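Engineer: One structure, pasted below without further comment.
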Amino acid sequence: MSKEKVLIIEDEADIRSLIKYNLNKAGFTRIETAESGLEGLEKAKEIIPDVILLDLMLPDIDGLNVCRKLRKSSNTNDIPIIMLTAKSEETDIIIGLEMGADDYITKPFSNKVLVARVRSVLRRHNEYNNAAEDAENEQQDAQQMYIRRGDFTIDLNTREVTYKDELINLTYSEFEILYLLARRSGWVYSREKIVNAIKGDGYPVTERAIDVQIVGLRKKLGVAGSHIQTIRGVGYRFVE
Ligand code: CA
């Protein structure tokens, strides 16, 4: 059973009920219908469906305009839209896709095609949302001003590192390496990855230079230097 809400905007009663029947059979239980463009727009705003099946030939506002309005409003702009069209409406299909519709089905369509398209659009949409969420989390990580790992505090604003409340003076690159490794403690970073991550300081960094930096970093960290482990033949990692 699918929890997703489907909105069908279609003026022909037969087609409307046929779509509803078939989606229902396929496990979609939350289905709303609208008989006109205006009603469709209102329902879309009210229920915020997960997918909209939109007929292009509607009696009041045509489907293309419904699509345009849905895309314009911030509440409905990312709801997947599948256009329902006749084969002869090819130009409209192209315009619709350009306006932001996600897919189209030409009438008459089989039940199989209908269900497959709905599922495919929903899947793509969910994948996209998950990716966007990941990016957001990543951004929050970046905005986090300091990280704590055991007795370490690494402050990004002041670029200060303390271990057991004692300040450790690091160079730009040493700080970058420690931050990179500690941010995901336990993860192994190859020298190449470390080079790529700290390139930003404008100095030439080679893989060999990373080894030198690590030696320097460990020296400054003293006993805490053992938190940076060498993984032979691979690179380095931070362990808590
Ligand atoms: Ca129609």
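Since every read-out is calculated from the coordinates, none of them should be taken as a lab result. The structure displayed is predicted, hence computed values, not measured ones.
Engineer: Starting from the Cα-Cα distance between Asn130 and Asn77, subtract it from 0.36 nm times their residue separation and give me the gain in nm to one decimal.
Structural biologist: 17.4 nm
Engineer: How would you classify the stretch 138-238 from its alpha-carbon gyration tensor, with a ≥ b ≥ c the square roots of the eigenvalues: rounded for a/c under 1.5, else prolate if a/b is greater than b/c, otherwise oblate?
Structural biologist: Rounded is the answer for the stretch 138-238, as its axis ratio a/c remains below 1.5.
Engineer: Out of all DSSP beta bridges with both ends in the stretch 2-136, state the antiparallel percent to the nearest 5.
Structural biologist: Counting only bridges with both partners in the stretch 2-136, antiparallel ones make up about 0 percent.
Engineer: Now for a different question. Ignoring everything except DSSP H segments at least 4 long, calculate the 222 nm mean residue ellipticity for the chain; use -39,500 (n - 2.57) per segment, divide by total residues, nearest 500.
Structural biologist: Here the helix-only value at 222 nm equals -15000 deg cm²/dmol.
Engineer: Right, something else. Decide, for the stretch 2-136, between rounded, prolate and oblate: order the square roots of the alpha carbon gyration tensor eigenvalues as a ≥ b ≥ c, take rounded if a/c falls under 1.5, and otherwise choose prolate if a/b is larger than b/c, else oblate.
Structural biologist: The shape class here is rounded.
Engineer: Rounded, prolate or oblate, given the Cα gyration tensor of the stretch 1-61, with a/c below 1.5 counting as rounded?
Structural biologist: The shape class here is oblate.
Engineer: Let me ask something else about it. For Lys193, list the lysines whose Cα falls under 25 Å from its own Cα; do not include residues on the same chain fewer than 8 positions away.
Structural biologist: Lys219, Lys220
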